[in-house]
Amino acid sequence: MYPRLTIDLKKLKNNLEGVARITKEQGRCSLMIVTKGVCADREVVKLICRHPAVDFVADSRIQNLETYAERARKAGKQTVLLRLPMACEIDKVIRFADISFNSELETLKLLNEEAASQRVKHKVVLMIDLGDLREGIFFKAEEAIYNTVSQVLSMDHLQLYGIAVNLTCYGAIIPKHDNLSRLCQWAENIEKTFSIELQMVSGGNSSSIYLIEKGELPGRINNLRLGEAFLLGNDTAYGTKLSGTTDDALLLEAQIIELKEKPSIPIGESGVDAFGKKPVYEDRGKIKRAIIAIGQQDTDITSMNPLDSKVDILGASSDHMILDVTKSDESYSIGDVVKFKVGYGAMLKGATSNYVEKVYK
Ligand SMILES: *Cc1c(COP(=O)(O)O)cnc(C)c1O
C-alpha cells in the first residue's frame, strides 16, 4: 500500500556504526540513540537494542518508551525520557524511564515520591540552558542551579546522574567549544561544591557531533544524544554529511492519482489556501501536473526531495501533493510511484501518520 515509508535496516545499521565510530572511538563519549524521529518504530528499535555500541535509548514521549522499555533493558540499555516530564505522567516516567531529564523542582519532588512508592531509585539529569532558550535552568542562574542540585541530593529515591544541554532546537544556537565549556565548568563546580561525581555530562544532539570531527568537543563532555545523525546521516549544525553514513536509509513513496496538463497559475479571485496562507504561484506556463496521494497530514513538503531531480514539488493540501513533472525524463502514468528522500520534518510526520505504511528492506 501507498503512501509508504521504506526503511532500509542495513543502511540504518551502517549509519549507526558510522555515528558510533565518531562518537565513541573519536569522541570517547557514550552513545544515546534517539528514537522519536521514526516514532519509535519497532524494527528500528530492535536494531538499536541489538547493537552493542548503543548505551542509552531515548525518546521525548513516554508512550514511545513504554513500547520498548522492556526490550531495551533486557538488552542492557538504559531508557531515557528527553522531554521534561508532565505532572500527569509521573508514574509512567518512573516505570519506563531509567533516567529522565529535568529542570523543575516541583517535578523532581513528584518523581521522588513516585519512585519511593514504586520502591526504585530513579536517575535524573539536570538540564542547563546555555542560551538556546528552550528547556533548562539558565546557566547564569547560579543560585537556582546550586539549590536544585542540593535539593535533589536530599531526595532519597533520586540519583543525580548528570547534567545536559540542548541546543539548536528553539534558538538555533550552534554548539561550540565556548558554550559547551560552560556546561563542563558547571559539572566541575557541582562536583567540587557537593563532593560528588556526575556520571553524565551530555553535550547535545546531532548538532554537536561535528565538534568531534573538528577535535573541538570539550573533554569533560562524555555523552551525545543522536537522532537525526543516525537516521539521516546529518550534522545538523551546518548540514554536512557525516562520514560513514547515508541519507537514503528512509524513503517516502507515494502513488500518482492524476496526471494532466494545466496552467500553473490558479484562475479566479485568490483567497487563502487550505491552511489559511496566501500562496504565491510561479508562472511556468502550461505544465504537466501530477497529483500524488499524500499530503500535509502525512509529511512536510518543505523537507522532501524527489529522487527524480527533474520533478518539482508545487504544493500540497491535507491529502494531495502536486508535482510539476514537465521536465522529467520519465514518462509517468497513473499508478506510478514517486520516491523522495526525507528531511527531519518529512520523516517525523511520515513515521507518525497512520496513513503511511512502513516497509522494511
Ligand atoms: C530530540 C532530542 C534529541 C535528538 O535530536 P537530534 O537532532 O535528532 O539528534 C536530543 N536531545 C533532546 C533533549 C531532544 O529533545
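Derivation of every value follows stated rules applied to the coordinates shown; laboratory data play no part. Being a predicted model, the structure only gives us computed values, none of them experimental. A quick note on method: Cβ atoms are made from the backbone with ideal geometry, for glycine too, and the neighbour counts reach across all protein chains shown.
Taking a ≥ b ≥ c as the square roots of the eigenvalues of the Cα gyration tensor, an a/c ratio of 1.5 or more together with a/b larger than b/c marks region 92-212 as prolate.
Between S309 and K46, the distance separating the two model label sites (each 7 Å from Cα on the Cα→Cβ line) works out to 3.6 nm. Computed from Cα atoms, the angle from the helix 142-153 axis to the main principal axis of the chain rounds to 70 degrees. Here region 157-198 is scanned for amide nitrogen atoms under 14 Å from the site 7 Å beyond the Cα of F275 along Cα-to-Cβ, giving none.
Loop sites here are GluC sites (Glu not before Pro) outside DSSP states H, G, I, E and B with no more than 11 other Cβ atoms within 10 Å. The longest part of the chain free of them is 1-196. For region 269-303, backbone nitrogen atoms closer than 13 Å to the point 7 Å from H320 Cα along Cα-to-C-beta are found at 274, 289-296.
For E143 and K327, compute 0.36 nm times the residue count separating them, minus their Cα-Cα distance, and round to one decimal in nm.
Gain on extension, E143 to K327, equals 60.0 nm.
Out of all Cα-Cα pairs in region 1-146, roughly what percent, to the nearest whole number, are more than 27 Å apart? Taking all Cα-Cα pairs of region 1-146, the fraction more than 27 Å apart is 30 percent.
Here the extension length gained between Q159 and S117 equals 13.6 nm, from 0.36 nm per residue of separation less the Cα-Cα distance. Converting the Cα gyration tensor eigenvalues of region 150-204 into ellipsoid dimensions via √(5λ) gives semi-axes, longest first, of 24, 13, 8 Å.
In plain terms, if you count all Cα to Cα distances in region 270-361 and split them into 10 Å steps from zero, the share in each step is 15, 47, 32, 6, 0 percent. Secondary structure note: in the chain, about 45% of the DSSP beta bridges are antiparallel. Dividing the C-alpha radius of gyration of the chain by 2.2 N^0.38 Å, with N its residue count, gives 1.11. To the nearest 10 degrees, how steep is helix 9-20 against the longest Cα principal axis of the chain, on a 0 to 90 scale? With both axes taken from Cα atoms, the answer is about 40 degrees.
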